[in-house]
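First the structure, in the form of structure tokens, and then the observations on it.
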Amino acid sequence: MKLIKNSNGHNLLVVIAGPTASGKSETAARLAYLLQGEIVSADSIQIYKHINVGASKPTVSQLNIAKHHLVDELEPTEKLDAFEFAKIARERILTVSKAGKLPILTGGTGLYIKAVVDGIFEAQKTTKQVSEALNAEAAEKGITAMHEKLSGIDPAAAMKINKNDKFRILRALEVFETTGKTISGLREKTEPLSGYDLAFFGLELERKLLYERINNRAEEMIKNGLLEETKKLIKDYGKENVRALRSLGYKHMCEYLDSKYTLERAVELMKRDTRRYAKRQFTWFRADKRYTWLDNSLPENTVESIKESILKSSY
């Protein structure tokens with residue numbers, strides 16, 4: 001079975017998203033097997049080599065039944081932003097389509113998925129001088145004053161940014177100070193993915209079950225050597241050189257190694273922060289009305305639902 005083009009000649013791209021521990025990898029692999037597809041991972045951590053235990057990468061079984069792209073491709077010290085990721089992912093999606101296979105974009109990094117399908121402007125590099133000057137101004141005047149400053153420069157961006165979101169406020173001001181262009185204006189020039197019809201599916205679980213899975217996964221990561229892997233990454237590359245060491249799980253192990261917490265407390269915080277992250281992911285994806293949401297308690301049923309939806313729809 002090949003689902004490559006519809007009546008208007010467009011290729012089809014399936015997007016499977018959802019919070020961490022919702023079963024995206026298993027569902028995507030099963031679907032790829034049934035529909036002769038290949039998976040393009042949209043995960044900011046899985047793309048790195050040697051970062052395994054805390055990344056929840058596809059299992060050996062999943063890798064065997066479906067070809068995966070953008071898993072284990074970069075060295076831990078390499079940097080990748082959403083713009084660069086989108087460029088690479090689009091190239092892979094095209095490669096999969098040209099091979100006569102169905103591309104399936106799946107992952108939990110919402111910004112990466114949005115960058116691929118909707119486009120994103122290239123990150124503007126700011127100088128240390130500009131950054132330090134804006135931070136000093138914020139320290140002196142307060143973040144509310146900086147938000148008012150942004151409102152005068154770029155009201156469209158200011159309306160979308162919380163008045164207490166220091167990072168995004170200063171980032172928008174940095175872009176203007178560096179380029180003379182507003183961040184909202186740059187965003188208007190982004191180009192969405194062309195030549196594809198999109199089928200969006202969001203996976204969800206009852207909250208109690210999702211949190212139980214998150215907690216169990218954290219325990220499994222500890223048993224499988226998350227702490228040891230963290231130590232090795234620090235030894236081999238240096239803590240400041242591996243961005244992934246700031247991500248969930250690795251961050252908590254680093255804090256334990258820095259004697260900030262006991263190991264038991266670090267694991268407790270790891271579970272809590274992962275639950276909070278899952279909630280933020282869910283909020284992000286829910287805001288995009290293109291998603292059809294499916295209960296993923298039984299992945300085999302979810303796969304059948306997605307398959308039937310694709311077959312019955314023109315997209």
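Over the chain, DSSP H runs of length four or greater, each weighted -39,500 (n - 2.57), average out per residue to a 222 nm ellipticity of -17000 deg cm²/dmol. Here is the size of the stretch 231-315 from its Cα atoms: Rg then Dmax, 19.3, 57 Å.
When the Cα positions of Leu170, Ile51, Thr144 are compared along the charge dipole of the chain, Thr144 comes out farthest toward the positive end, with charges on each C-beta of Lys, Arg, Asp and Glu. Taking a quarter of the surface of the Cα convex hull of the stretch 52-184 gives a mean projected area of 10.6 nm². Of the trypsin sites (Lys or Arg not before Pro) found in the stretch 84-148, those that fall in a DSSP loop while having at most 12 other beta-carbon atoms within 10 Å are Lys125. Heavy-atom accessible area, probed at 1.4 angstrom with all protein chains present, ranks Thr179, Thr302 as Thr179, Thr302, highest first.
Averaged per residue, what accessible surface does the stretch 199-315 expose to a 1.4 Å probe, in Å²?
Result: 59 Å² per residue.
To two decimal places, what compactness ratio does the stretch 64-118 give when its Cα radius of gyration is scaled by 2.2 N^0.38 Å?
1.16
Simple point charges give the picture: +1 on the Cβ of Lys and Arg, -1 on the Cβ of Asp and Glu, and for the stretch 248-315 a dipole about the Cα centre of about 360 debye.
The aspartates and glutamates whose alpha-carbon is closer than 16 Å to the alpha-carbon of Lys149, local same-chain residues fewer than 8 away aside, are Glu137, Glu140, Asp165, Glu174, Glu177. Pairs spanning more than 27 Å between alpha-carbon atoms, out of Lys79/Lys251; Lys67/Lys232; Lys223/Lys251: Lys67/Lys232. Taking the DSSP beta bridges with both ends in the chain, the antiparallel portion is around 5 percent. Among the trypsin sites (Lys or Arg not before Pro) in the stretch 204-236, none is located in a DSSP loop while being surrounded by at most 12 other Cβ atoms within 10 Å of its own Cβ.
Over all other residues within a Cβ to Cβ distance under 15 Å of Pro19, the charged ones net out to +4, with Lys and Arg as +1 and Asp and Glu as -1.
Between Phe282, Ile306, Ser259, the Cα set farthest toward the positive side of the dipole of the stretch 240-312 (charges on each charged residue's Cβ, about the Cα centre) is that of Phe282.
Between the C-alpha center of the stretch 24-102 and that of the stretch 153-220 there is a gap of 21 Å. Taking amide H positions as modeled 1.01 Å from N, with prolines and chain starts lacking one, the residues under 5 Å from Asp197 and 5 or more places away or on another chain are Asn11, Leu12, Leu13. Computed on the chain, with alpha-carbon pairs under 8 angstrom and 6+ residues apart, the relative contact order is 26 percent. Of the heavy-atom accessible surface of the chain (probe 1.4 angstrom), what whole percent is carbon and sulfur? The C+S portion of the solvent-accessible surface of the chain is 50 percent. Eigenvalues of the alpha-carbon gyration tensor of the stretch 139-270, scaled by 5 and square-rooted, set the equivalent ellipsoid semi-axes at 37, 24, 17 angstrom, largest first. Heavy-atom accessible area, probed at 1.4 angstrom with all protein chains present, ranks Ile39, Ile120 as Ile120, Ile39, highest first. When you filter the GluC sites (Glu not before Pro) in the stretch 73-165 for DSSP loop state and at most 16 other Cβ atoms inside 10 Å of their Cβ, you are left with Glu73, Glu78, Glu122. A viscosity of 0.692 mPa s and a temperature of 37 °C, combined with the Kirkwood radius over Cα pairs in Stokes-Einstein, give a translational diffusion coefficient for the chain of 155 µm²/s.
The values are calculated or read from the model by the stated rules, or taken from the named source; none is laboratory data. Source: prediction; values computed, not measured. Note: ideal-geometry Cβ built from the backbone for every residue, glycine included; neighbour counts use all protein chains shown. Please note that ligands, DNA and RNA were not included when accessible areas were found on the heavy atoms of the full protein model with its side chains. Shrake-Rupley method; radii C 1.70, N 1.55, O 1.52, S 1.80 Å.
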